[in-house]
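**Student:** Before we start, here is the structure in question, set down as structure tokens.
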Amino acid sequence: MASFAEGLRSAVRRNPELIGIGEIRDTETAEAAVQAGETGHLCIGTMHTRSPGESIPRLLGLFHPQIRDAMAWAVLGIMRFIVNQVLVRTTDGKRRALREYIVFDDALRSKLHDLSHEQWASHLDGVLLMEKRRIVDQVRALYYCGDVARDEAARYLPAGELTA
């Protein structure tokens, strides 16, 4: 295969149940992933972002501005969920996976459809804030119950929160 995107297009022709993309970090791979999703294939890809809300602008930023709006609506139509995960060190010397996620159900799609795609990130992160499902909320809870040390909690909590 000449490129990862070409491999992805070849995979679609084989009609797999699941396509593992790996990291989506260039336009060609992003376009191929969206095309695979539009043909009904379940695609799982990764991006390095700090929140589910940040993932959408990062993905859309890979597309040329002239097609970005069209790609936003295509992404909204195929997106099923976004998961953000970090591993935090715990006081027992192990690591714990913390996750924040957004499920793209009909209600969320309807709400996002009423917004411009530039507003999607703040809306998605606002949902997590309102439901207290952010990684920062989980780290805070682990810190106050003694499962995460102060220095580890400080990596995730807002500056100055642990100064008292």
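**Student:** Quick check on my filter: what residues within the stretch 82-94 are surrounded by 12 or more Cβ atoms within 10 Å (Cβ to Cβ) and in contact with a strand residue (DSSP E or B) (Cβ under 9 Å, 6 or more places away or on another chain)?
**Tutor:** The first filter runs over the stretch 82-94 and keeps only residues surrounded by 12 or more Cβ atoms within 10 Å (Cβ to Cβ), leaving 82-84, 86, 88-91.
Scanning the stretch 82-94 gives Ile82, Val83, Asn84, Val86, Val88, Arg89, Thr90.
**Student:** Name the residues in the stretch 115-150 that are of a type outside the set (Asp, Glu) and not in a helix (DSSP H, G or I), would you?
**Tutor:** Of everything in the stretch 115-150, those that are of a type outside the set (Asp, Glu) and not in a helix (DSSP H, G or I) turn out to be Leu115, Ser116, Lys132, Arg133, Arg134, Cys145, Gly146, Val148, Ala149.
**Student:** In the stretch 45-83, how many residues are under 15 Å from the mean Cα position of the chain (by Cα), polar (S, T, N, Q) and over 21 Å from Ile19 (Cβ atoms)?
**Tutor:** The number of residues fulfilling the criteria is 1.
**Student:** Now for a separate question. Scan the stretch 106-114 and give yes if some residue there is crowded, with 16+ Cβ neighbours inside 10 Å, not in a strand (DSSP E or B) and not charged (D, E, K, R), otherwise no. Walk me through it before giving the result.
**Tutor:** Filtering the stretch 106-114 for residues crowded, with 16+ Cβ neighbours inside 10 Å gives 108, 112.
Keeping just the survivors that are not in a strand (DSSP E or B) gives 108, 112.
So of that shortlist, the ones also not charged (D, E, K, R) come out as 108, 112.
There is at least one residue in the stretch 106-114 that is crowded, with 16+ Cβ neighbours inside 10 Å, not in a strand (DSSP E or B) and not charged (D, E, K, R).
**Student:** Filter the stretch 28-54 down to the residues that are in contact with a strand residue (DSSP E or B) (Cβ under 6 Å, 6 or more places away or on another chain) and crowded, with 16+ Cβ neighbours inside 10 Å, then identify the one that is farthest from His117 (Cα to Cα).
**Tutor:** Of the stretch 28-54, the ones in contact with a strand residue (DSSP E or B) (Cβ under 6 Å, 6 or more places away or on another chain) are 33, 36-37, 41-46, 51-52.
Those still in the list that are crowded, with 16+ Cβ neighbours inside 10 Å too: 33, 36-37, 41, 43, 45, 51-52.
On the way: Ala33: 19, Ala36: 21, Gly37: 19, His41: 23, Cys43: 21, Gly45: 20, Ser51: 16, Pro52: 14 Å.
The qualifying residue farthest from His117 (Cα to Cα) is His41.
**Student:** Okay, moving on. Among the residues of the stretch 78-105, write down those that are assigned to a loop (DSSP other than H, G, I, E, B) and closer than 15 Å to Ala30 by Cβ. Don't jump to the end; show me each part of the working.
**Tutor:** Kept after step one, since they are assigned to a loop (DSSP other than H, G, I, E, B), are these residues of the stretch 78-105: 79-80, 90-94, 104-105.
Listed by number, the list holds a single entry, Met79.
Only the coordinates and a few stated rules stand behind these numbers; no lab work does. In this text the structure is predicted, and so the values were computed from the model without any measurement. Note: ideal-geometry Cβ built from the backbone for every residue, glycine included; neighbour counts use all protein chains shown.
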